[in-house]
Amino acid sequence: MTVPPPRAAGSAATGSPGPVAADSGPGSVARRKTGVSSGALPYFLVAPVAVFIVGLALVPAVFTVIQSFFRVNALDPPTRFTGFDNFVRLAHDKAVVGSISNTAVYVVVGTLLSTVLGIAFAVILQKPFFGRSLVIAVLILPWALPGVVEGILWTGIFDSNAGLINGLLASLHIGGSNVLLGHNRLLTITLIELVQVWQITPLSALLILAGLQLIPGELYEAAEIDGCNAWSAFRRITLPLARPGIAVAMVQAVIATLNVFDQPYVLNGAANTAASVTMQTYFISFQDLDFGEGYALSLLITMVTLLVSLAVVAGVYRRVDL
């Protein structure tokens, strides 16, 4: 008796296909050729970017941390370990201590003003109106300009000889030359920070506006039906639901004001009247050639920026589920 051969999977009579191997697709063939499994493929694709970030950011950061504990001075070789000596010398440097107080004023004035103005502009731009796109395009121009260019533009307003405001005050016999910048420390810092606020406010407005666009219009309609006026709707709906965007806007303002350099340097030069901490880092590193102390001050600025940013996020940010 002849035994028939075993049937292939999938009956020819029914035309049903047999089981297909899991690895028979074209993607699996490509993976077998390259030797990359499906689980490792995402890491393989992200690896070039990760290497770039490590090389560009983390390696210099680690180098800065290490070198801040060394005496690195081109005028006093060789490089040698000094522990916390760089930090101690920074604490006794009057120029550095004065720049810290100046930077604190920059941060407070800049963060508060840019946030308040950003909320105001975002609320105005929240509802569509004729020319809204043009207004947004014009609004973003100050943010797109480099800080040095802005400082030069505002020099035409604050300049002691040909400045618009100083010339007007002098013609009215209110003060003499250099009325605005250089004489009064607090006034000089505030006016310089107004220039930076002019730069960072557009980004704050756009960040907050992005959060406002996520608020459902039905909430405002319900509030109007319940008899809420515009101020109540703003206080009870807009502000609470916009807190994530406000937190991000405040963080970017804190980072920008803590690292301000262009505006005070262009408008007030190297004078200590309005020098920022970042300016002192430049002076110590590239004028005094004391790179160890410059590394130490850069490390302190980075740590303070991180801590203040985390404090802002903890105090302002709230998760919103819409």
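Read-outs: derived from the displayed coordinates by stated rules, not from any lab. None of these values were measured; they are calculated from a predicted model. Neighbour counts run over all protein chains shown; Cβ positions are idealised from the backbone, glycine included.
For the pair V88 and L153 in one chain, pulling the backbone fully straight at 0.36 nm per residue adds 19.5 nm over the alpha carbon distance.
When S276, S309, S99 are arranged by Cβ crowding within 10 Å, least crowded first, meaning fewest neighbours, the order is S309, S99, S276. Just need the Rg to Rh number for segment 179-322, please, alpha carbons only, Kirkwood Rh. Looking at segment 179-322, the ratio lands at 1.13. 3J(HN,Hα) along segment 189-204: 5, 5, 5, 5, 5, 4, 5, 5, 4, 4, 7, 8, 4, x, 5, 4 Hz, from the Karplus curve 6.51 cos²θ - 1.76 cosθ + 1.60 with θ = phi - 60°, whole Hz, x for Gly and Pro. Give, as a single signed number, the net charge of other residues whose beta carbon lies under 15 Å from the beta carbon of V313, with Lys and Arg counted +1 and Asp and Glu -1. Charge balance near V313 sits at +3. When +1 charges are put on Lys and Arg Cβ atoms and -1 charges on Asp and Glu Cβ atoms, the dipole computed for segment 168-322 relative to its Cα centre reaches about 240 debye.
Loop-located chymotrypsin sites (Phe, Trp or Tyr not before Pro) across segment 53-97 with a Cβ neighbour count of 16 or fewer within 10 Å are F84, with loop assigned by DSSP. Couplings for segment 271-277, taken from phi via the Karplus curve 6.51 cos²θ - 1.76 cosθ + 1.60 with θ = phi - 60°, read 5, 6, 4, 9, 5, 9, 5 Hz in order; Gly and Pro are left as x. Our coupling estimate for segment 147-159, obtained by passing each phi through the Karplus curve with A = 6.51, B = -1.76, C = 1.60 and θ = phi - 60°, is x, 5, 5, 5, x, 5, 4, 6, 4, x, 9, 9, 4 Hz, Gly and Pro reported as x. Counting every other Cβ atom within 10 Å of each residue's Cβ, R89, R319, R71, R132 order from fewest to most as R319, R132, R89, R71. Based on C-alpha pairs under 8 angstrom that are at least 6 apart in sequence, segment 36-166 has a relative contact order of 7 percent. Under the criterion of Cα pairs below 8 Å and six or more residues apart, the relative contact order for segment 93-316 equals 30 percent.
Sorting E221, E293 from the fewest to the most surrounding beta carbons within 10 angstrom yields E221, E293.
Amide H to amide H distances under 5 Å link F70 with T82, where only residues 5 or more positions off or on other chains count and H is placed in the peptide plane.
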